[in-house]
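J.: Next up is a structure, given as structure tokens.
The values are calculated or read from the model by the stated rules, or taken from the named source; none is laboratory data. Remember, it's a predicted structure, so these values are computed and weren't measured experimentally. No Cβ is skipped: glycine too gets one built from the backbone with ideal geometry, and neighbour counts run over all protein chains shown.
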């Protein structure tokens, strides 16, 4: 196996803990391959069967979903050492519910399902990490579904911050996402998100310092959540 690819695989959180020697033996004995893609190339279409786990070696890959009208919504970005759709690989119906696209020039390692099983069986820590990653994906999906009930960006932000305040049990919050990732999470453009956050800050509702946000007027956030509009 190419050395730099092995380093990226061992640096992936899911495979963290297994020795490079053991990982190399498992991967070289299995059906694995490396493929490069140009920016904007569709790697997998929505509806394709997902038979091998994809791991990003270099570049950025994204997932998006489209409906019958052709409307497309970006769901998630996958960066270096990230795995793509780890849960779908083991689903009874392993049909991809999303389209996988190269956001930049990138290279991906595909690992056979059998190899993934061997790796997880060889190391309990890897198995626990993989299962935790699947649980985290479910939790993120549940949060995304909650966002669908809100129509405006202001409502999405208000609902998200109030929920985050409950989860973190404080009003001095630390965002788990970057602005770009948060915009993807809401399904909105990053400039639109930044503009609404700035409005809330200028109105004295929140105070922003990088990824830190302090809730100054939670009642005002609740009013926004109920449909009031901040001019």
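J.: Which of the residues belonging to region 22-40 are exposed (fewer than 13 other Cβ atoms within 10 Å of the Cβ) and at pLDDT 75 or above?
T.: 33, 35, 38, 39, 40, listed by residue number.
J.: Looking for something out of contact with any helix residue (DSSP H, G or I) (no Cβ under 8 Å at 6 or more places or on another chain), buried (at least 19 other Cβ atoms within 10 Å of the Cβ) and over 28 Å from residue 18 (Cα atoms) - is there at least one such residue anywhere in region 90-98?
T.: yes
J.: Can you find, within region 110-119, the residue that is nearest to residue 84 (Cα to Cα) among those that are surrounded by fewer than 19 Cβ atoms within 10 Å (Cβ to Cβ) and touching a helix residue (DSSP H, G or I) at 6+ places or on another chain (Cβ under 8 Å)?
T.: So the residue we want is 113.
J.: Please go through (1) in a helix (DSSP H, G or I); (2) outside the structural domain of residue 20 (by TED's automatic domain parsing); (3) under 30 Å from residue 50 (Cβ atoms); (4) in contact (Cβ under 8 Å) with a residue 24 or more places away in the chain for residue 200 and return the number of the only condition it doesn't satisfy.
T.: Here residue 200 meets the rest and fails (3).
J.: When residue 157 is evaluated against the numbered criteria (1) surrounded by fewer than 14 Cβ atoms within 10 Å (Cβ to Cβ); (2) assigned to a helix (DSSP H, G or I), which criterion, by number, is the only one it fails?
T.: Among (1) surrounded by fewer than 14 Cβ atoms within 10 Å (Cβ to Cβ); (2) assigned to a helix (DSSP H, G or I), residue 157 violates only (1).
J.: Right, something else. Would you call residue 211 at pLDDT below 90 and over 21 Å from the mean Cα position of the chain (by Cα)? Outline the logic, then answer.
T.: On the way: at pLDDT below 90: yes; over 21 Å from the mean Cα position of the chain (by Cα): no.
So residue 211 does not fit the description; no.
J.: Restricting to region 49-79, count the residues that are in contact with a strand residue (DSSP E or B) (Cβ under 7 Å, 6 or more places away or on another chain) and surrounded by fewer than 16 Cβ atoms within 10 Å (Cβ to Cβ).
T.: Of the residues in region 49-79, 6 are in contact with a strand residue (DSSP E or B) (Cβ under 7 Å, 6 or more places away or on another chain) and surrounded by fewer than 16 Cβ atoms within 10 Å (Cβ to Cβ).
J.: Return only the number of the condition from (1) surrounded by 14 or more Cβ atoms within 10 Å (Cβ to Cβ); (2) within 29 Å of residue 64 (Cβ to Cβ); (3) in contact (Cβ under 8 Å) with a residue 12 or more places away in the chain; (4) over 22 Å from the mean Cα position of the chain (by Cα) that residue 186 does not satisfy.
T.: For residue 186, the exception is condition (4).
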